[in-house]
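Taking it in order: structure first as structure tokens, then the write-up.
The values are calculated or read from the model by the stated rules, or taken from the named source; none is laboratory data. Because the structure is predicted, anything quoted here is derived from the model rather than measured. Using ideal geometry, Cβ is built from the backbone for each residue, glycine included, and neighbour counts are taken over all protein chains shown.
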4 protein chains.
Amino acid sequence: MVSHKIENIKLSQKGKNRVDWARQNMPILQSLKRRFSKTLPFREHKISICLHVEAKSAVWVETLMAGGAEVAITGSPGSTQDETAAYMVDKMGVEVFSWRAENYEEHMENARQVLKAGPTIISDNGGDLHFLLGENVDQTQSNSIIGATEETTSGATRLREELPNFNFPTIIINDTMAKRIVENRYGVGISVVDGIMRSTNIMLGGKTVVVIGYGYCGQGIAQRLRGLGAHVTVVDNTPLAQLEAHLEGFKTSTVEKALPNAHFIVTVTGRYHVIQARHFDLMRDGVILCNAGQNQFEMEIDTIYDQAERAREIRPNVEELILPSGKKFFLLARGNSVNLAAGDGNPIEIMDLGLSLQSLSLEFLASRADELVPGPQTVPWEIENSTVKAAISEWVG
Amino acid sequence: MVSHKIENIKLSQKGKNRVDWARQNMPILQSLKRRFSKTLPFREHKISICLHVEAKSAVWVETLMAGGAEVAITGSPGSTQDETAAYMVDKMGVEVFSWRAENYEEHMENARQVLKAGPTIISDNGGDLHFLLGENVDQTQSNSIIGATEETTSGATRLREELPNFNFPTIIINDTMAKRIVENRYGVGISVVDGIMRSTNIMLGGKTVVVIGYGYCGQGIAQRLRGLGAHVTVVDNTPLAQLEAHLEGFKTSTVEKALPNAHFIVTVTGRYHVIQARHFDLMRDGVILCNAGQNQFEMEIDTIYDQAERAREIRPNVEELILPSGKKFFLLARGNSVNLAAGDGNPIEIMDLGLSLQSLSLEFLASRADELVPGPQTVPWEIENSTVKAAISEWVG
Amino acid sequence: MVSHKIENIKLSQKGKNRVDWARQNMPILQSLKRRFSKTLPFREHKISICLHVEAKSAVWVETLMAGGAEVAITGSPGSTQDETAAYMVDKMGVEVFSWRAENYEEHMENARQVLKAGPTIISDNGGDLHFLLGENVDQTQSNSIIGATEETTSGATRLREELPNFNFPTIIINDTMAKRIVENRYGVGISVVDGIMRSTNIMLGGKTVVVIGYGYCGQGIAQRLRGLGAHVTVVDNTPLAQLEAHLEGFKTSTVEKALPNAHFIVTVTGRYHVIQARHFDLMRDGVILCNAGQNQFEMEIDTIYDQAERAREIRPNVEELILPSGKKFFLLARGNSVNLAAGDGNPIEIMDLGLSLQSLSLEFLASRADELVPGPQTVPWEIENSTVKAAISEWVG
Amino acid sequence: MVSHKIENIKLSQKGKNRVDWARQNMPILQSLKRRFSKTLPFREHKISICLHVEAKSAVWVETLMAGGAEVAITGSPGSTQDETAAYMVDKMGVEVFSWRAENYEEHMENARQVLKAGPTIISDNGGDLHFLLGENVDQTQSNSIIGATEETTSGATRLREELPNFNFPTIIINDTMAKRIVENRYGVGISVVDGIMRSTNIMLGGKTVVVIGYGYCGQGIAQRLRGLGAHVTVVDNTPLAQLEAHLEGFKTSTVEKALPNAHFIVTVTGRYHVIQARHFDLMRDGVILCNAGQNQFEMEIDTIYDQAERAREIRPNVEELILPSGKKFFLLARGNSVNLAAGDGNPIEIMDLGLSLQSLSLEFLASRADELVPGPQTVPWEIENSTVKAAISEWVG
């Protein structure tokens, strides 16, 4: 049995069903798997991954392993499916270091484990693996790494603005318009309404929902909410984003003016403390808050928990908080991304496209990393274009 | 402790949370409860109920009990929340006969129990209580009953076409345009997409979904699916319904022509065997089927199960069936109403309106049943109008 | 040359083009025409008609004449196409009494002329012909009439509530759900936005438009405006209509609260003085008003014209009015139905269905009027159903 | 009286009304006008313009003249409003060389006239003025010019790929996301449906409309058509554009597969001969074609006219063409941009934003052209941002 640290390996069979279901809805990866099993692009490579440990990721890992890779993976706090982790260890032979209830410190320790596994390529999510490599000052770990990928906007920002330079190339998946449109606008849009509905059983039709942020994710969320009959107000400080929302038919406003009428508030800005403790005075009693951005920090959650007199989980992923004033509000999924933490994340097919971009970028690194300059860079156009064509072939026919 | 037959009374605290959450989103019932607690319209009445034993129903029962009623309740196979049942027995003092895993025979036996409790008024769902009363040939049970309500279309049809006459009035809640528009079109529309999304994690955007039936429920489902980006095809044999769907922008077709392109099929016709075993030859491999009508029988489920070579639950509420031809399909919630069986049923506020119609109809019966002719009849206009006004006051403000 | 009173018979060729264009988009009538030309249901009948004298009506009259009818027709103030009138007289041999600039008194005199033509059947619009028959106290005219049709809601109301009884049956076309859904919701919805856009060249996207009235016509208008990106507020005093609009995603309000934010106001209630002179104090400077109902009287137009200090037509069908306060507003089409007066009325195909209902109702009268009771009555179900089926066959294929 | 060549100066009063109407709906330009009348940025400048000579352009010219400019203008074939041209000469003192019925050669001669007027700055549309300057080999005209603007995509392409280099900067208005989103997506989307509806009176709801091209303009057109109930099929050869349309809920296809079902075809690709003569064999009898791109050449119009056995204008801007096979089709506005040629062009407010971008770019050139490198370049960010903010202030409030 491979090295691992997970919740309970006996959950393996339940994990198998989940992965089977995901697999049959990920035909693009299946096609890559068939090709990789002949060309073996990852022979003699070890890929260390940070990504949500759930069924769709498992199907992706299968694809890489069919191409000859050894794989170690860690997840994120709150999003790990323990049964899928068990299946990956037990039946797939993946080194998994992750469990659902892990906290931030445990998560970072797990990330260290996947780096210790000795990767030649890394695939990062939010920049955590790069961050740890950067701490390793003599670069002993980096020296064996020929290249990397990074999935998210926030990881790209860390790499470009905060982290040290590395002596290998990092391909930023989120730089593609394919990911922004398909995954951010359409995937996130639909999985966020799913997460809200399943956690609350509250009527969205006729409700005033304030969506803060009108980037690709925010556009998708606003459109899908409207499609369910919600009365959507969009808040975005960028003038052109506001004007676009206005012409699209949405009411637009500022945070201060929008909050008093809101039944629901959704943050999706990628920015820090968009909703602050002081804003709670402006809200209705009984308002429901959730975050659809990558990070909990879009709301000033810690202060709010500190101030709350009482808190209880009234439904799974719905917490009732009561402030000293007696005002009550409801927070979904503790401010974590509501689609991942209170749902199953993006729809399976959407991740089939996103993880195919990943797979082809990793294949590209395996064969041509030495031709690339070090540092963050865009996905090659041919990879994006061929992935989109594969999606058309599977989805449109 | 009152008489009862439930899964496990220790689940009571968990049930309390669910009911608390529902209660704060049911302000119309809360307002009726305050009034009933003064006027006590149900003093000296025992109300026997058949309705889904879940949190929203519990809030309704609280309302009736505040008005002086004693209550006995049974549910439906598959939709009972065992924790809510426990709370109702333990903390509310309701006689509950229902558990989630009960089968049809057990359900009917439970229904007999609530009639044996000696009601003066009954509140029926699908006509089961009336059916049992009809079997009791000497009318010993009926004689103590002064009036009844019936929630659904299918119950109304049984009462009007199949069951014997009773010597008391039965008010048909579904006769109101308020229920048809608010609950059937908007409530069912949104809860069905919720049920599909949470059980499958499949992308609805871009998928070809065939909605069979374009009554109020079907209209709502088709609209909400379109609002999520699905490519909807509507099938309805009624010419005007087809024409309406066409002008609304939906592709329309026949069952035979529509099936080969479908990724999803949703039945919502109220009719028998709309999807038959022979239709499976026409379908894509891997199609997902679900039913949003009241009854499983809209698809020829039994024959299909008989024919299937293999069946396994691949995710909760998703069953994979493989036919002898090797063709595979996926059935949600075993063909039971996908919104109730794979979700939480209609949104809470929607049921606040529907159960307020029920409450006022029961109050009307308690005071004026003797003025009414026996047999099925429409909700008095004043009741419908005042309920709609209360909803406007709470929802629009 | 037949008897006639029109603007200018020399416009005949221009009228021919208009009628040719309409004809090729009215296949249902063409099919009836082929049948009628064999069965000659109107042989020995004279049909006197009151309806908008425009190309679509001309195609209908062709249909009746192919069935053996002689026809006399009058129109409505403001909607007559003088070139079509010329073509009908010159090439079709229809007795036409109508011109675009006719006033109300002239219109009524023209209506008297078509009755003097000696009809055996009449086809009325708004009840004007019935009104004149009712004035003819000795019933000399009525005695030759075996039956009638009436197109509109307002005509039906006059017949049922205000006019004397007649000794022949009158079939009310507007009683059909086919007309209400197809023509009122979808036809009027689209032709009203057409009329507004072509008369103003103003951006509807992002504009606050207040739609007063949420019946079938109002639903259609609100939906189409939203489809163009407008921010729609619905006003309707009927509670259920308001609730339906709210759940459909529209902001709802009262006249008083809605007016101050409106860029556009559209009335479509069928009621008298919904917008009153006193309301102008509440409106923005520069607001645009129009009416989509049958009658100008939904706004208190006369008082407003009296009060206006200045009025000028600043674009065709756009009048600028300046009140003593200096406040300015813009009135489209002098408050007449904006789709007819500032556009071409309902889309051609929509009237193909509506006028086929008329044709079959007239055929029914010609053969079976003596079996019917006198007075207003509904279109026979078979006629409605076969017309809807014909529309499906032509439109859906 | 200034130098001019127009249809009829007596139309001046009618032109005044049109310009008055446009002016009150262009508040951003009015605000610039107030500022310019104090700062006089164009004192001692002569601006020669090529742009549609219609009311919105006249309001823009007023703005420039308030800033001290002398102005000469020419328009485009088919889009000139002769009454507005008369008003500009008669009351505004603009040198106008343009009339509605001018042909291409006359248009180019008129363009020469505005260059002969001796501009210091030019404002171009489609690159015609630059083209003529390029022919003037000794650069005598160019030498007096300090800078230019260009409005369109196609003009930008000519400047960047085909025309010689000039010794002055040319600011490309279409490079801004503000123009692309506001004008191309929302403005063109709505004006195209307006143009189609007013020229045809045909029902869009329920019709199959094929939109070829899914750039910003095509997105807008597809959305607005869907909003009116049309069944839209999108054709775009770019994989990501097709995938985006698919996920947005549109059927996507190829030209060959889409044409046989089309009731309407709209081209908006900017490419040459997207619809070719050979495609007509694939189309339905009676199909309606129109172009929403800048140029007629998106359809192979000349060949089609050559092949047609008969052609007649059956309604204004609707031409019926009959091919030797007997197949009939209808062409709107002779293949010119249907929104401009069969309607009033983009909504007034939309052009208020677009022409404000122009005005500020011209002001920038007047003061700082000598700091800029020669050649085509993007609008400065501050100009775009301040214009968008002004639009928010006026439109959202």
Quiz prompt | Whichever residue in segment D:322-346 is small (Gly, Ala, Ser) and not in a loop (DSSP other than H, G, I, E, B) and, among such residues, is nearest to the chain's Cα centre (by Cα) | solution = D:337
Quiz item: Tell me, which residue of segment D:150-196 that is aliphatic (A, V, I, L, M), farther than 28 Å from residue D:316 by Cβ and touching a residue at least 60 places away in the same chain (Cβ under 8 Å) is farthest from the other protein chains (Cβ to nearest Cβ)?
Solution: D:159
Self-check item: Pair list, Cβ under 9 Å, 6 or more apart: segment C:298-312 residue modelled with pLDDT of 90 or more, other residue small (Gly, Ala, Ser) and assigned to a strand (DSSP E or B)
Solution: C:305/C:311
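Taking residue B:11, is it within 26 Å of residue B:148 (Cβ to Cβ), at pLDDT 95 or above, of a type in the set (A, V, I, L, M, F, W, C) and out of contact with any His (no Cβ under 6 Å at 6 or more places or on another chain)?
no
Please work out which residue is nearest to residue A:357 (Cα to Cα), limiting yourself to segment A:21-58 and to residues that are within 14 Å of chain B (Cβ to nearest Cβ) and modelled with pLDDT under 95.
My answer is A:52.
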Practice problem: State all residues of segment A:235-258 that are small (Gly, Ala, Ser) and touching a Lys or Arg at 6+ places or on another chain (Cβ under 9 Å); if no residue qualifies, say none. | Solution: A:245, A:249, A:258
Exercise. Would you mind finding the one in D:363, D:384, D:394, D:349 that is under 22 Å from residue D:190 (Cα atoms), assigned to a helix (DSSP H, G or I) and either more than 13 Å from every other protein chain (Cβ to nearest Cβ) or within 20 Å of the chain's Cα centre (by Cα) (or both)?
Key: D:349
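Is it the case, given these coordinates, that residue C:135 is in contact (Cβ under 8 Å) with a residue 12 or more places away in the chain and either under 30 Å from residue D:204 (Cα atoms) or more than 16 Å from the chain's Cα centre (by Cα) (or both)? Walk me through it before giving the result.
Values: in contact (Cβ under 8 Å) with a residue 12 or more places away in the chain: no; either under 30 Å from residue D:204 (Cα atoms) or more than 16 Å from the chain's Cα centre (by Cα) (or both): yes.
Considered against the rule, which asks whether it is in contact (Cβ under 8 Å) with a residue 12 or more places away in the chain and either under 30 Å from residue D:204 (Cα atoms) or more than 16 Å from the chain's Cα centre (by Cα) (or both), residue C:135 comes out as no.
Results for (1) surrounded by fewer than 17 Cβ atoms within 10 Å (Cβ to Cβ); (2) hydrophobic (A, V, I, L, M, F, W, C); (3) not in a loop (DSSP other than H, G, I, E, B), shown as yes or no for each residue.
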residue: B:3; (1), (2), (3): yes, no, no
residue: B:10; (1), (2), (3): yes, no, yes
residue: B:19; (1), (2), (3): no, yes, yes
residue: B:29; (1), (2), (3): no, yes, yes
residue: B:34; (1), (2), (3): yes, no, yes
residue: B:41; (1), (2), (3): no, no, no
residue: B:59; (1), (2), (3): no, yes, yes
residue: B:77; (1), (2), (3): no, no, no
Exercise. Answer with yes or no whether residue C:71 is at negative phi, in contact (Cβ under 8 Å) with a residue 60 or more places away in the chain and surrounded by 24 or more Cβ atoms within 10 Å (Cβ to Cβ).
Key: no
Practice problem: Take segment C:96-149 and flag every residue that is surrounded by fewer than 15 Cβ atoms within 10 Å (Cβ to Cβ) and hydroxyl-bearing (Ser, Thr, Tyr). | Solution: C:104, C:140, C:144
Quiz item: If only one of D:341, D:333 is farther than 19 Å from residue D:262 by Cβ, more than 9 Å from chain C (Cβ to nearest Cβ) and buried (at least 22 other Cβ atoms within 10 Å of the Cβ), which one is it?
Solution: D:341
Exercise. Of the numbered conditions (1) within 11 Å of chain C (Cβ to nearest Cβ); (2) buried (at least 24 other Cβ atoms within 10 Å of the Cβ); (3) assigned to a helix (DSSP H, G or I), residue D:357 fails exactly one; give the number of that condition.
Key: (1)
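What do you reckon, is residue A:139 on the phi > 0 side of the Ramachandran plot and away from chain B (no Cβ under 11 Å)?
yes
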Quiz item: Out of (1) more than 30 Å from residue C:392 (Cβ to Cβ); (2) at pLDDT below 95; (3) of a type in the set (Ser, Thr, Tyr), what's the single condition that is false for residue C:120?
Solution: (2)
Quiz prompt | Per-region count, segment A:154-187, residues part of a helix (DSSP H, G or I), touching a strand residue (DSSP E or B) at 6+ places or on another chain (Cβ under 9 Å) and more than 13 Å from residue A:379 (Cα to Cα) | solution = 4
Exercise. Taking residue D:371 as meeting all but one of (1) surrounded by 18 or more Cβ atoms within 10 Å (Cβ to Cβ); (2) more than 30 Å from residue C:14 (Cα to Cα), write down the number of the exception.
Key: (1)
